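A short worksheet on the structure shown next.
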Amino acid sequence: MTTNTLLPTSTAGSLPKPSWLAEPEMLWSPWKLSGEELVIGKQDALRVALQEQQLAGIDIVTDGEQTRQHFVTTFIEHLEGIDLEERRTVKIRDRYDASVPRVVGPVKRPLSVFVEDARFLRAQTHRQIKWALPGPMTMVDTLYDDHYRNREALAFEFAGIINQEARELEAAGVDIIQLDEPAFNVFFDEVNDWGIDCMNRAIEGLACETVVHVCYGYGIKANTDWKKTLGSEWRQYESVFPKLQQSNVDIISLECHNSRVPMALLELVRGKKVMVGAIDVANESIETPHEVAATLREALQYVDADKLYPSTNCGMAPLSRQVARGKMNALRAGAEIVREELAA
Ligand SMILES: [Zn+2]
């Protein structure tokens with residue numbers, strides 16, 4: 001399934017959960033249901049998330065990550081070799097403390113993690129569907145390793161596991177597989193030494209399109225505080241773009257709106273498709289379609305129109321449903337403005 005629309009819109013992935021499923025506007029929110037009720041509750045939430053996207057006119061839809069508590073830990077929790085009970089506190093991306101699972105033995109994926117959910121989404125829509133998985137480097141950064149004691153070795157193990165899951169997601173009808181790698185914006189030497197090779201391993205052999213999402217994190221306080229330390233120009237992308245441009249990934253998903261990323265850096269990935277973040281997820285105010293259009297126009301100086309995918313800077317899980325809905329509407333309306341300009 002492909003889309004013929006110019007400037008097809010999408011979101012980075014996560015959307016707010018309904019308050020009957022989980023405590024709203026927080027990460028790692030505990031489920032409010034259990035057992036069979038939880039299974040059905042997650043499916044119903046997925047239907048709602050899909051409906052919200054379709055009503056907003058989003059072209060490439062996702063599950064809104066309604067079946068997972070967190071974009072990284074939920075995947076890790078389904079693997080063997082992981083101790084979920086005796087957790088450890090680690091500093092995520094050198095920024096904030098979180099209680100995370102511990103690697104205690106060889107990691108394996110005994111069963112698929114999201115494939116049933118992807119089939120469920122596939123059955124509900126004819127639009128292109130995109131499915132996000134955590135990237136290997138971000139996974140390594142979101143746990144405590146008591147077994148391999150080597151970030152690169154563990155990341156390559158995870159890349160193999162992600163690849164198994166991705167192949168099954170593709171077979172279930174997913175059109176675009178996305179790896180979330182916010183860690184690419186922090187550990188530049190490792191990204192260039194092995195992170196991008198590891199990403200290539202994770203997407204090896206896939207016929208569907210692939211995305212790597214590299215952002216400055218969810219709009220939570222630890223991230224917004226960190227952004228304040230980054231100075232007036234954020235040039236983090238510059239360190240990893242040359243090698244990303246050479247990588248096997250098809251699409252690069254970036255944070256562009258309200259960030260201090262100089263748009264000219266996009267020239268460094270010329271030739272790749274780019275999901276341009278034109279919606280800020282770190283504040284509650286809803287962009288106007290004209291603001292979205294302005295960001296897209298600026299990006300068009302460096303990204304060919306047929307390779308530009310308007311998107312959000314990051315996931316919208318921590319926002320209210322009303323704000324997320326408003327932002328999706330603004331994204332679609334802003335993309336429409338620029339589409340009309342391009343057609344004229
Ligand atoms: Zn993100």
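No lab work stands behind these numbers, since they all come straight from the coordinates. Bear in mind the structure is a predicted one, so any value in this text is a computation, not a measurement. Neighbour counts run over all protein chains shown; Cβ positions are idealised from the backbone, glycine included.
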- [ ] List nothing, just return the count: lysine pairs in the chain, 8 or more apart or interchain, with Cα separation under 21 Å.
- [x] 20
TODO: Give me the number: length gained by fully extending ARG270 to ASN283, i.e. 0.36 nm times residue separation minus the C-alpha to C-alpha distance, one decimal in nm.
DONE: 1.7 nm
- [ ] Can you run the Rg to Rh ratio on the range 234-288? Use alpha carbon positions and the Kirkwood inverse-distance Rh.
- [x] 1.01
TODO: Report the FRET efficiency, 1/(1 + (r/R0)^6), for LYS91 and ARG235, where r is their Cβ-Cβ distance and R0 is 25 Å, rounded to 0.05.
DONE: 0.60
Open item on the list: Show me, for the range 249-256, the HN-Hα J-couplings you get by feeding each phi into the Karplus relation (A = 6.51, B = -1.76, C = 1.60, θ = phi - 60°), rounded to Hz, glycine and proline as x.
Closed with: 6, 8, 10, 10, 9, 10, 8, 10
- [ ] Could you pull out every residue, at least 5 positions away or on a different chain, whose amide H is within less than 5 Å of the one on ILE92? Hs are placed 1.01 Å off N in the peptide plane, and Pro or chain starts have none.
- [x] ASP97, ALA98
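Neighbouring Cβ atoms within 10 Å as the yardstick, rank ASP59, ASP141, ASP306 fewest first.
ASP306, ASP59, ASP141
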Open item on the list: 5 Å is the cut-off here: which amide hydrogens, built 1.01 Å from N in the peptide plane, fall below it relative to LYS17, excluding neighbours closer than 5 in sequence?
Closed with: GLU25
Task: Nearest-0.05 FRET efficiency for GLU204 and GLN246, computed from C-beta distance (R0 22 Å) - done: 0.90
Open item on the list: With 10 angstrom as the radius, rank SER320, SER10 by how many other C-beta atoms surround their C-beta, starting from the fewest.
Closed with: SER320, SER10
TODO: Using a 10 angstrom cutoff on alpha carbons, build the Gaussian network for the chain and name the most mobile of GLN322, GLN43, GLN54.
DONE: GLN322
- [ ] Arrange PHE71, PHE158, PHE188 by Cβ neighbour counts within 10 Å, fewest through most, would you?
- [x] PHE188, PHE71, PHE158
Task: Amide H partners (placed H, <5 Å) of SER253, local residues excluded - done: VAL212, HIS213, VAL214, MET275
Task: Pairwise centroid distance, computed over Cα atoms, of the range 182-205 with the range 27-57, Å - done: 31 Å
Task: Projected area, mean over directions - the chain, Cα convex hull, nm² - done: 15.5 nm²
TODO: Lys and Arg at +1, Asp and Glu at -1: add these up for the other residues within a Cβ distance under 13 Å of TRP194 and post the number.
DONE: -4
Open item on the list: Quick check: residue separation of HIS290 and GLN322 times 0.36 nm, minus the Cα distance between them. What number comes out in nm?
Closed with: 9.5 nm
TODO: Return the sequence-ordered ³J(HN,Hα) values of the range 98-105 in whole Hz as given by the Karplus equation 6.51 cos²θ - 1.76 cosθ + 1.60 applied to θ = phi - 60°, using x for Gly and Pro.
DONE: 8, 7, 10, x, 10, 7, 10, x
Task: Under the span-like rule (Cα at least 20 Å along the axis, Kyte-Doolittle mean at least -1.0), DSSP H helices of the chain - done: 35-56, 151-171, 321-343
TODO: Please work out how much length the chain gains when fully extended from ASP304 to TRP31, using 0.36 nm per residue of separation minus the C-alpha to C-alpha distance, in nm with one decimal.
DONE: 94.0 nm
TODO: Give me the Debye-computed log₁₀ of I(q)/I(0) at q = 0.22 Å⁻¹ for the range 216-312, equal point scatterers on Cα only, no solvent, two decimals.
DONE: -1.21
Task: trypsin sites (Lys or Arg not before Pro) restricted to the range 246-344 and DSSP loop, no more than 15 other C-beta within 10 Å - done: ARG260
Task: Rel. contact order, % - alpha carbon contacts under 8 angstrom, at least six apart, the range 197-344 - done: 25 percent
Task: Whole-Hz couplings from phi, Karplus 6.51/-1.76/1.60, listed for the range 262-270; x for Gly and Pro - done: x, 4, 4, 4, 4, 4, 5, 10, 3
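I need to check one value: relative contact order of the chain, counting alpha carbon pairs closer than 8 Å and at least 6 residues apart, in percent.
Relative contact order of the chain: 20 percent.
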Task: Sparse-neighbourhood loop sites, trypsin sites (Lys or Arg not before Pro) in the range 131-204 - DSSP loop, at most 11 other Cβ within 10 angstrom - done: ARG149
